Amino acid sequence: MKVSLYTRVSSGAKRRYVPVNRNKIYREGTVFCLRYARRWETLTADNLNAALAARATKEAALLTEESPTAEAAAKRIGIDNAISVYLSNTAATKKHRTLLAYTLATSEFRKSCSKQFLDELTKQDLTDFVCFNRSKSWQTTPSTIG
């Protein structure tokens, strides 16, 4: 993961961040900040060399920490569990008829989809569900012609 070093420049009530120039000499009291993983971290470093060392240390720490994919695999959510949580939230926040409609829709979705976990679902599964419903409605709707 890349860690970038910036200086924070304040002018009045506004702040802006400027990338560090290694060839520039920074005055005492310059505020150095790190930018990584959509996060800003203010350093306590009082000179450029200390800030560069802190940046290298942070980058090494982020590269050596355990990958989040191992945690994500352990926290897989089953579709049936997600549906039950969704329906319980719906029961608490919506009217009873809405709950009945959502219960029907989710049970029909489970009939059309054999996947077990949420992270396995794709847009194609939803398209297949729509086709499943259309084919089912053609079978159950009486003919109005003739």
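Each reported figure results from applying straightforward, stated rules to the coordinates on display, with no laboratory input. Note that the structure is a prediction, hence the values are computed from the model and not measured. Quick reminder, even Gly has a Cβ in these numbers, built from the backbone with ideal geometry, and neighbours come from all protein chains shown.
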Practice item. Could you tell me how many degrees, from 0 to 90 and to the nearest 10, lie between the Cα long axis of helix 123-140 and the main elongation axis, the longest principal axis, of the Cα atoms of the chain? Key: 10 degrees
Point to revise | L99 paired with Y17, simple spin-label distance in nm, labels 7 Å along Cα-to-beta-carbon | key: 4.6 nm
Practice item. Taking the Cα centre of the stretch 89-140 as origin, sum charge times position over the Cβ atoms of Lys and Arg (+1) and Asp and Glu (-1), and report the length of that vector in debye to the nearest 20. Key: 300 debye
Check your understanding: When a footprinting reagent is the concern and you count Cβ atoms within 10 Å, what order do E59, E41, E28 take, fewest first?
Key -> E28, E41, E59
**Study point:** Charge dipole magnitude, Cβ of K and R +1, D and E -1 - the stretch 4-65, Cα centre, debye nearest 20
**Key:** 380 debye
Review point. Along the stretch 11-27, what does the Karplus equation 6.51 cos²θ - 1.76 cosθ + 1.60 (θ = phi - 60°) give for ³J(HN,Hα), rounded to whole Hz, x for Gly and Pro?
Key: 9, x, 8, 9, 10, 9, 10, 10, x, 6, 9, 5, 8, 8, 9, 9, 5
Review point. Going by alpha carbons, how many degrees (0 to 90, nearest 10) lie between the helix axis of 96-112 and the longest principal axis of the chain?
Key: 90 degrees
Check your understanding: Cross-link list K95/K123; K14/K58; K75/K123; K94/K136; K2/K24: which exceed 24 angstrom alpha carbon to alpha carbon?
Key -> K95/K123; K14/K58; K94/K136
Study note, to complete from the structure: Helix 48-64 sits off the longest principal axis of the Cα atoms of the chain, rounded to the nearest 10 on a 0 to 90 degree scale, by 30 degrees
Check your understanding: Points 7 angstrom from Cα along the Cβ direction at R8 and D125: gap in nanometres?
Key -> 4.3 nm
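Shape verdict for the stretch 4-65, please, from the Cα gyration tensor: rounded (a/c under 1.5), prolate (a/b greater than b/c) or oblate.
Taking the square roots of the gyration eigenvalues as a ≥ b ≥ c, the stretch 4-65 is oblate.
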Revision key, fill the gap. Given unit charges at Cβ for Lys, Arg (+) and Asp, Glu (-), the dipole magnitude of the chain about its Cα centre in debye, nearest 20, is 700 debye
Exercise for review: Give the label of the value calculated from the structure for Kirkwood radius over Cα pairs in Å, choosing from (i) 21.0; (ii) 14.7; (iii) 15.6.
Suggested key: (i)
